[in-house]
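Only one structure is covered here, and it is reproduced in the block below.
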Amino acid sequence: MELTKAVLDCMQVLRRRLREEQAVDIRLSQPGAVPSMLAACADSTNEETRLLGERLSELCGIRLVQPAPPPAPMLSEAELIEKYTRYMGPLRG
């Protein structure tokens, strides 16, 4: 991967944002800085930070695999009975 001025500028902006938002300190010189930044951007709740992460990904040509969504919460037996025995309106035949 080639570190161009655009890549370094994007990394610097992201480094500041991630430090403020998530208290993540990633040094530009450390090995694996770009994947670490991209992972932190993916975890961010701020839309602008995620967009900057996508921009860095495009500039570097690195794509991270998106994590799988968390499984749906399990319903208790009482909640299942209530959910499936609730009257939903007239039956048509």
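Do you know which residues across region 1-25 are not in a loop (DSSP other than H, G, I, E, B) and not aliphatic (A, V, I, L, M)?
K5, D9, C10, Q12, R15, R16, R17, R19, E20, E21, Q22
For region 1-37, give me each residue that is under 17 Å from the mean Cα position of the chain (by Cα) and of a type in the set (S, T, N, Q).
Q22, S36
When you go through (1) among the acidic types (D, E); (2) over 30 Å from L3 (Cα atoms); (3) surrounded by 13 or more Cβ atoms within 10 Å (Cβ to Cβ) one by one for D43, which number turns out not to apply?
Every listed condition holds for D43 apart from (2).
Does L28 satisfy the criteria of being among the aliphatic types (A, V, I, L, M) and in a helix (DSSP H, G or I)?
no
Among the numbered conditions (1) outside any loop (DSSP other than H, G, I, E, B); (2) within 16 Å of L18 (Cα to Cα), tell me where T45 comes up short.
Condition not satisfied by T45: (1).
Taken together, the values in this text are just the output of simple stated rules run on the coordinates, not laboratory data. None of these values were measured; they are calculated from a predicted model. Positions of Cβ are generated from backbone atoms using ideal geometry, with glycine treated the same way; all protein chains shown enter the neighbour counts.
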